[in-house]
Amino acid sequence: MSAFLASIRRDLLLALRRRSEVITSLFFFVIVVSLFPLGIGPEPALLKKVAPGVLWVAALLATLLGLPRLFAADHIDGTLEQMALSPSSFGLLVAGKIAAHWLLCGLPLVLLAPLLGLQFGLDAPALGVLMLALLLGTPLLSLIGAIGAALTLGVRGGGVLLALLVLPLYIPALIFGAGAAEAHGAGLDAGGHFALLAALLALAVFFAPWATTAALKVALE
Amino acid sequence: MNLIQWFRFASPQSFYPLAGRMIPWFWTLAALFGIAGLWVAFFVAPTDAQQGEGYRIIFVHVPASWMSMFIYMVMAFWAGLGLALGTRLSGMMAQALAPTGALMAALSLWTGALWGKPMWGTWWVWDARLTSELILFFLYIGFIALQSAIDDPRRADKAGAILALVGVVNIPIIYFSVKWWNTLHQGSTINLTRAPSMAQTMLLGMLLMALAFWMYSIAVALTRARAIMLERERHTEWVKHAVD
Amino acid sequence: MHNDAMLTVTDLACSRGERRLFSGVSFTLKAGEWLHVQGENGAGKTSLLRLLVGLSPADAGTIHWRDEPAPAAGFHRELLYLGHHAAVKDELTPLENLRYAAALDGIALDEGIALAALARLGLRGREDLPVRVLSAGQKRRVLLARLLTRPAVLWVLDEAFNALDTGAVRLLGELIGEHLAGGGMAVLTSHQPLPLPGGRSLLL
């Protein structure tokens, strides 16, 4: 467990020393979301209706933007080899890196989403539902994305390939996440959506680090 | 005893001639089932009261959809086997199956669109099945792209295997979520699954066509697997003998 | 206590793609012994080391550590592998690099030991500068400081003598000598003659 925490702390410290990368993907999120009203027109009712979908798709893309860097630097400078040969469990170290990715690329999206939701005319309860859905959904994006990042590590055209592999797997998260806000908007209970998101998250917490570790071992061979 | 036999054929060297002997049989079966299926589809099955003659495309559409899903399962099975036992043949089989699976998914989407246009006046409906099929097609493309992006075949096999297994865990989740999404958005009332009570002959035609597709898939996958074997093991003695 | 430590390699073979790099590599290494792996560029020195530590699977042959097939439980605790790459983060200081390397390994590192290790490698006064501003040789010394901060029985060092000045080469020779005298063992690759007595060489 201490290895897991050390892995998180290390990645957070590294991100702190090169802040621009995290901030770039946040601004990407803001810009993509802001483009939609310009593309589809400023009609309030329409914007309110598409807001959850737009925010979720933008969140998927913003997460995707940071994924190629998740393991790349450690792979190039040999740290990943050291982790694989560490007396600590490689799986826990990898899980720590995934957790750090969520703290750096997922959590800021959750915190920023209400501000952007205001631009789309969402009211306070709707913003709450949106935030909760993102809070459950963004770790899922990091976990699934890590598998793709590990599979495409050091591979030709890795970034584009990563999007191709990961985006179809993001669809359930998108459906339940955006669906929660939409159900709320339609006056329905969003509880079912949250339960399903939480179930998917539990499944991913269990399987994704394992699959990621297996993929990283293949990449290190 | 059985296990030992199995492992003997798990080496490309002994599988290559075996596959060569099996391929003509599967082609023959595919042709026979195909002729029978098409005959039932075009001449025996009655004209549908609501949909006229156009519905007959389901004799291609439905078997293609079935095969596209089935092949992914088989591919994941080979991939998992290869990952667990480290047999060279497994990766080759998974790689050989993927293009056929993608073809089936594409065929299913294409015929679905062709069916949709005369029936409902639109090429595409965001129906749960069509959408899942589209995502399945994406998964196949991802698998093929990942394998072809990695030069070392051993790494390509393992990476592909992990992706196929992740995909197989996700397919039911994706299918379920898309279905949920579809029922939530009551926009389209069209449902491809609610076929009019299916006549016996229609079912027979579909089954025959499914068998034809199945045999075709095996024949093509084996042919492709043989080519992959030759390519990957071209530096070995047995390939030099086999090519002579 | 390390007297029973033994690395036994039997009939190891490795290929890259279609090319067979080496086959039939066998050797035994006991406490206090070291092996110098030699060969031309591309002969498979690095590949051999990667097989030894368990990063990649061998085509044929076996590797035993303490008479158990490696990597058995506890093997990684007794192994220290320093590869081609620096495995040193530019953004962190030398001290932080050592501290986090130990933390990832789940090993408590006393600050005094870390500082002493850096001092011995000639990095006194540079403990708190980002590695980014150090020279390539100094960066390499930060990595080598791990030899002092990470206890291990088997050292596997790939081209550890590269990018070092003569003083550092002599120092590394001393470190390895002390390690062997304490019952450790080492597998090294290098193109240059090593300032180290004894040892066997393996030509690939």
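Would you pick out the residues in the range A:17-34 that are more than 19 Å from the chain's Cα centre (by Cα) and part of a helix (DSSP H, G or I)?
Across the range A:17-34, the qualifying residues are A:Arg17, A:Ser34.
The rows are residues; the columns are (1) farther than 30 Å from C:Lys139 by Cα; (2) in a helix (DSSP H, G or I).
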| position | (1), (2) |
| --- | --- |
| A:Gly91 | no, yes |
| A:Gly128 | yes, yes |
| A:Met131 | yes, yes |
| A:Leu134 | yes, yes |
| A:Gly137 | yes, yes |
| A:Val155 | no, no |
| A:Leu161 | yes, yes |
| A:Val166 | yes, yes |
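Which count do you get for residues in the range A:21-30 that are among the polar types (S, T, N, Q) and open to solvent by less than 80 Å² (accessible area, probe 1.4 Å)?
1
Out of all the residues in the range B:138-163, which are within 26 Å of B:Tyr175 (Cα to Cα), open to solvent by 40 Å² or more (accessible area, probe 1.4 Å) and without any contact (Cβ under 8 Å) to a residue 40 or more places away in the chain?
If the condition is that a residue be within 26 Å of B:Tyr175 (Cα to Cα), open to solvent by 40 Å² or more (accessible area, probe 1.4 Å) and without any contact (Cβ under 8 Å) to a residue 40 or more places away in the chain, then B:Phe138, B:Ile141 are the ones that fit.
On the basis of being buried (at least 22 other Cβ atoms within 10 Å of the Cβ) and either of a type in the set (Phe, Trp, Tyr) or within 21 Å of C:Leu92 (Cβ to Cβ) (or both), does A:Arg17 make the cut?
When the stated conditions are applied, A:Arg17 does not pass them.
Return the pair list, or none, for Cβ contacts closer than 8 Å from residues in the range C:109-131 that are over 13 Å from C:Thr149 (Cβ atoms) and in contact (Cβ under 8 Å) with a residue 24 or more places away in the chain to residues that are open to solvent by 40 Å² or more (accessible area, probe 1.4 Å) and part of a loop (DSSP other than H, G, I, E, B), at least 6 apart or on different chains.
C:Pro130/C:Asp90; C:Val131/C:Asp90
(1) over 17 Å from A:Lys97 (Cα atoms); (2) surrounded by fewer than 22 Cβ atoms within 10 Å (Cβ to Cβ); (3) more than 11 Å from chain B (Cβ to nearest Cβ); (4) out of contact with any Phe, Trp or Tyr (no Cβ under 8 Å at 6 or more places or on another chain): which one isn't true of A:Val205, the others all being true?
Of (1) over 17 Å from A:Lys97 (Cα atoms); (2) surrounded by fewer than 22 Cβ atoms within 10 Å (Cβ to Cβ); (3) more than 11 Å from chain B (Cβ to nearest Cβ); (4) out of contact with any Phe, Trp or Tyr (no Cβ under 8 Å at 6 or more places or on another chain), only one is false for A:Val205: (1).
Is it the case that the range A:163-176 has a residue that's touching a Phe, Trp or Tyr at 6+ places or on another chain (Cβ under 9 Å), at pLDDT 90 or above, more than 9 Å from chain B (Cβ to nearest Cβ) and open to solvent by 10 Å² or more (accessible area, probe 1.4 Å)?
Looking through the range A:163-176, none of the residues is touching a Phe, Trp or Tyr at 6+ places or on another chain (Cβ under 9 Å), at pLDDT 90 or above, more than 9 Å from chain B (Cβ to nearest Cβ) and open to solvent by 10 Å² or more (accessible area, probe 1.4 Å).
State all residues of the range A:208-221 that are away from chain C (no Cβ under 14 Å) and open to solvent by 60 Å² or more (accessible area, probe 1.4 Å); if no residue qualifies, say none.
A:Trp210
Only one of (1) touching a helix residue (DSSP H, G or I) at 6+ places or on another chain (Cβ under 9 Å); (2) buried (at least 16 other Cβ atoms within 10 Å of the Cβ); (3) more than 30 Å from B:Arg155 (Cβ to Cβ) fails for C:Asp128. Which number is that?
Every listed condition holds for C:Asp128 apart from (2).
For the range C:46-76, which positions are among the basic types (Lys, Arg) and modelled with pLDDT of 90 or more? Full working, then the answer.
Taking the range C:46-76 first, the residues among the basic types (Lys, Arg) are C:50, C:66.
Within the range C:46-76, C:Arg50 is the sole residue that qualifies.
Name, by its number, the condition in (1) open to solvent by less than 60 Å² (accessible area, probe 1.4 Å); (2) of a type outside the set (Phe, Trp, Tyr); (3) part of a helix (DSSP H, G or I) that does not hold for B:Val125.
(3)
Considering only the range C:99-109, I want to know if a residue exists there that is β-branched (Val, Ile, Thr), outside any strand (DSSP E or B) and away from every other protein chain (no Cβ under 14 Å).
no
Restricting attention to the range C:11-23, does a residue exist that is modelled with pLDDT under 90 and not in a strand (DSSP E or B)?
Yes, there is a match, as at least one residue in the range C:11-23 is modelled with pLDDT under 90 and not in a strand (DSSP E or B).
Give the residues of the range A:31-48 that are touching a helix residue (DSSP H, G or I) at 6+ places or on another chain (Cβ under 7 Å) and open to solvent by less than 40 Å² (accessible area, probe 1.4 Å), sorted by residue number.
Passing the criteria: A:Val32, A:Val33, A:Pro37, A:Leu47.
Scan the range A:82-140 for residues that are polar (S, T, N, Q) and surrounded by 24 or more Cβ atoms within 10 Å (Cβ to Cβ) and jot them down.
Within the range A:82-140, just A:Thr138 meets the criteria.
Does A:Pro87 fit the bill of being touching a helix residue (DSSP H, G or I) at 6+ places or on another chain (Cβ under 9 Å), within 14 Å of chain C (Cβ to nearest Cβ) and more than 25 Å from A:Gly41 (Cα to Cα)? I'd like the intermediate steps shown before the answer.
Details: touching a helix residue (DSSP H, G or I) at 6+ places or on another chain (Cβ under 9 Å): yes; within 14 Å of chain C (Cβ to nearest Cβ): yes; more than 25 Å from A:Gly41 (Cα to Cα): yes.
The answer is yes for A:Pro87.
Tally time: how many residues in the range C:26-42 are more than 19 Å from C:Leu175 (Cα to Cα) and either open to solvent by 40 Å² or more (accessible area, probe 1.4 Å) or in contact with a Cys (Cβ under 8 Å, 6 or more places away or on another chain) (or both)?
Selection size over the range C:26-42: 6.
The values are calculated or read from the model by the stated rules, or taken from the named source; none is laboratory data. Worth saying up front: this structure is predicted, and the values here are computed from it rather than measured. FYI the Cβ positions are ideal-geometry reconstructions off the backbone, even for glycines, and counts take in every protein chain you see. Quick note on the areas: whole protein, heavy atoms, side chains included, nothing else; ligands and nucleic acids left out. Shrake-Rupley method; radii C 1.70, N 1.55, O 1.52, S 1.80 Å.
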